[in-house]
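Worksheet: one structure, shown below.
The values are calculated or read from the model by the stated rules, or taken from the named source; none is laboratory data. Here the structure is a predicted model, which is why all the values come from computation and not from measurement. All Cβ positions, glycine included, derive from the backbone under ideal geometry; neighbour counts span all protein chains shown. These area figures cover heavy atoms from the full protein model, side chains too; ligands, DNA and RNA do not enter into them. Shrake-Rupley method; radii C 1.70, N 1.55, O 1.52, S 1.80 Å.
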Amino acid sequence: MPLWDFQGSTMLTSQYVRLTPDERSREGSIWNRVPCFLKDWELHVHFKVHGVGKKNLHGDGLALWYTRERLVPGPVFGSKDNFHGLAIFLDTYPNDEATERVFPYISAMVNNGSLSYDHSKDGRWTELAGCTADLRNRNHDTFLAVRYSRGRLTVMTDMEDKNEWKNCIDIAGVRLPTGYFFGASAGTGDLSDNHDIISMKLFQLMVEHPPEDENIDWTKIEPSVSLLKSPKDNVDDPTGNFRSGPLTGWKVFLLLLCALLGIIVCAVVGAVVFQKRQERNKRFY
């Protein structure tokens, strides 16, 4: 297959690339040999995840990559941890028993090499955003689109055989360099699935950039995200979105203190008003 390298358990056929068979403890990946120098792009992936395992008895999932490193095996769905770039995880098994997420679950992570993906928490601490997607054992084609344009990352799915995209992730403030590589990987552990890539198509987006962007060396940009708050400040929501974290002891104390002060202020104001009225009534007798 020209322009592509593969490793591990990956098997090539005329119809698809199977990253892992439905067998335990397998890892496989496929990587493009040509770095991407597009500043604005959209990746369409036609894939299939299927197997004989019943609910929560299958795994682990697959990942799509836009990273500096390529063909480096590792513990993150068959590829390297502490990577540089972007990863989109299609996680089919909940390792965290306390999670409220509904699996399969799609999430995004941007890394500058300093972050580690925590499998035991399904990557919750480093997740930027995510959504639930019923992507396994479908009787029709399943697609995922990743768009990066002017610092905005958008992930969309087509899992319902409707030939239309459904929004999953939309994040502004994402900075990704050019010159990285696209790839896909998958891994199985004690549980397994077939993870198949049927096609990966990259499109250039024609987008206008401000004049000052012409002076930027896009190959030297460090992967980063400008967030209003850290992902660690969030907890799971069954819908796949984030909500605010639980109230800590200090937060509860401050809320109670504010409520108590409010009651005292209201009581004092009420007493003063009542006294003024009493004095005014006495003048009329």
Check your understanding: Highest mean first, what order results for 74-85, 163-174 on Cβ atoms within 10 Å?
Key -> 74-85, 163-174
Check your understanding: Looking at this model, which pairs from Lys121/Lys220; Lys39/Lys166; Lys48/Lys220; Lys166/Lys220 are more than 30 angstrom apart at the alpha-carbon?
Key -> Lys121/Lys220; Lys48/Lys220; Lys166/Lys220
Exercise for review: Excluding residues fewer than 8 places away in the same chain, name every one of the aspartates and glutamates whose C-alpha is closer than 16 Å to that of Lys54.
Suggested key: Asp22, Glu23, Asp91, Asp134, Asp190, Asp193
Exercise for review: Note down the Stokes-Einstein diffusion coefficient of the range 4-225 in µm²/s, whole number, using a Kirkwood radius over alpha carbon pairs, 20 °C, and 1.002 mPa s.
Suggested key: 123 µm²/s
Point to revise | Overall Cα dimensions of the range 79-137 - principal axes, largest extent first, Å | key: 31, 22, 19
Study note, to complete from the structure: Largest first and rounded to whole Å, the semi-axes √(5λ) derived from the alpha carbon gyration tensor of the range 173-233 read 32, 20, 11
Review point. When ligands, DNA and RNA are left out and all protein chains stay put, how many square angstrom of accessible area per residue does the range 4-225 have with a 1.4 Å probe?
Key: 45 Å²
Study note, to complete from the structure: Expected sort for 24-32, 45-53 on mean C-beta neighbours within 10 Å, highest first, is 24-32, 45-53
Exercise for review: Apply the Karplus parameterisation 6.51 cos²θ - 1.76 cosθ + 1.60, with θ equal to phi minus 60°, to every residue of the range 212-221 and state each ³J(HN,Hα) to the nearest whole Hz, in sequence, with x for glycine and proline.
Suggested key: 5, 5, 5, 8, 8, 8, 5, 6, 9, 5
Practice item. Show me 204-215, 142-153, 4-15, 95-106 ranked by packing, highest mean number of other Cβ atoms within 10 Å first. Key: 142-153, 95-106, 4-15, 204-215
